[in-house]
1. Could you check, for the range 41-56, whether at least one of its residues is modelled with pLDDT of 80 or more, polar (S, T, N, Q) and within 30 Å of Val160 (Cα to Cα)?
2. Quick one: in the range 98-134, which of the residues that are more than 30 Å from Lys156 (Cβ to Cβ) and surrounded by 15 or more Cβ atoms within 10 Å (Cβ to Cβ) is modelled with the lowest pLDDT?
3. State all residues of the range 57-97 that are modelled with pLDDT under 75 and of a type in the set (A, V, I, L, M, F, W, C); if no residue qualifies, say none.
Amino acid sequence: MKNLIGMIAIASLIVACNGNATSNSQDNLNAIKHYNDSLKLDSFRKVEVLEKQKQAEEREQAALAAKVAAEKRALRAESRSNRSYSSSSASQPVYQPQQAPAKKGWSSAAKGAVIGGVVGAGTGILIDKKNGRGAAIGGVVGAGTGYVIGRAKDRKSGRVQ
């Protein structure tokens, strides 16, 4: 009889533990599923926010481009109106030119020519050591190359058209 009561107690204990473990594992699975779903929702929300920000930036850029274009048109119209003639007592038209823009310093072409000439002359001296012939040739070639490279930089920067 003692064995029978012990077996029933052990069996009921095993059944009690198994039922709780199943419900706990199911709760854990539900919690994991809920967490994954919330991550997906958050990522969709982040994408939506990023798309809205991108659209807003595109609208701002378009508005800025339109504003710049309007300013350019206004400057062109203003420059056309500044080229006016005024009449003097001799009734001869006098042209009133616009003021020249302030100089911006050395151009990239000039800097390139000077630097190229110096480097070319130095290289020419090292290569051909006969009475400065190498320095002259290297200086001319270096200055020409430096000028071409500097002129390209000036075109990119808008200094030269």
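1. no
2. As a first pass, look at the range 98-134 and keep what is more than 30 Å from Lys156 (Cβ to Cβ): 125-134.
From what's left, surrounded by 15 or more Cβ atoms within 10 Å (Cβ to Cβ): 125, 128, 134.
Values: Ile125: 89, Asp128: 85, Gly134: 88.
Checked the range 98-134; the qualifying residue modelled with the lowest pLDDT is Asp128.
3. Ala90, Val94
The values are calculated or read from the model by the stated rules, or taken from the named source; none is laboratory data. Computed from a predicted structure; not experimentally measured. Ideal geometry is used to build each Cβ from the backbone, glycine not excepted, and the neighbour counts take in all protein chains shown.
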